[in-house]
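What follows is one structure encoded as structure tokens, with my remarks underneath.
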Amino acid sequence: QVQLVESGGGLVQAGGSLRLSCAASGSISSVSVMGWYRQAPGKQRELVALMTSGGRTNYADFVKGRFTISRDNAKMTVYLQMNSLNPEDTAVYYCTARSGQSNYWGRGTQVTVSS
């Protein structure tokens, strides 16, 4: 089992920045991909960004150039630096990790962007 704990969400004005963190614990030796999804009210959960243990990244088109994912493998922590936030980025952001054939999820952290 892998446990994921997110932090760093909050309320920010449009144009502002936030940095999310997600720390993994438990059976982390086999964790390969870590990253972020988000879910806005009334919408499906969608990919934001993923990063492999080797540093390859995958971003959703709507965050390219604004969000940056990074990862500290020694700390088993993944980060999401979010800049130029707009109200459409308001959502619950979920950390995810893949270990073997299993996907794990954090409880989520709320990000609210006011106009």
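The values are calculated or read from the model by the stated rules, or taken from the named source; none is laboratory data. For clarity, every value in this text was computed on a predicted model and none was experimentally measured. Counting neighbours? That spans all protein chains shown, and the Cβs are built from the backbone with ideal geometry, glycine included. Accessible surface areas use protein heavy atoms only, side chains included; no ligands, DNA or RNA. Shrake-Rupley method; radii C 1.70, N 1.55, O 1.52, S 1.80 Å.
R71 fulfils the conditions (1) of a type outside the set (A, V, I, L, M, F, W, C); (2) touching a residue at least 24 places away in the same chain (Cβ under 8 Å); (3) under 15 Å from G106 (Cα atoms) except for a single criterion, (3). If we keep just the residues of region 25-65 that are within 17 Å of Q110 (Cβ to Cβ) and within 15 Å of the chain's Cα centre (by Cα), which is most open to solvent (accessible area, probe 1.4 Å)? Ranking the candidates gives R45 first. Looking at region 19-59 only, could you name the residues that are part of a strand (DSSP E or B), over 18 Å from D72 (Cα atoms) and touching a residue at least 40 places away in the same chain (Cβ under 8 Å)? Y37, R38, Q39, V48, listed by residue number. Of the residues making up region 11-24, those that are surrounded by 13 or more Cβ atoms within 10 Å (Cβ to Cβ) and over 25 Å from S102 (Cα atoms) are V12, A14, G16, L18, R19.
Only one of the numbered conditions (1) closer than 16 Å to V2 by Cα; (2) open to solvent by 50 Å² or more (accessible area, probe 1.4 Å); (3) at pLDDT below 95 is violated by M76, and that is (2).
Does S114 meet the test of being surrounded by fewer than 14 Cβ atoms within 10 Å (Cβ to Cβ) and out of contact with any helix residue (DSSP H, G or I) (no Cβ under 9 Å at 6 or more places or on another chain)?
no
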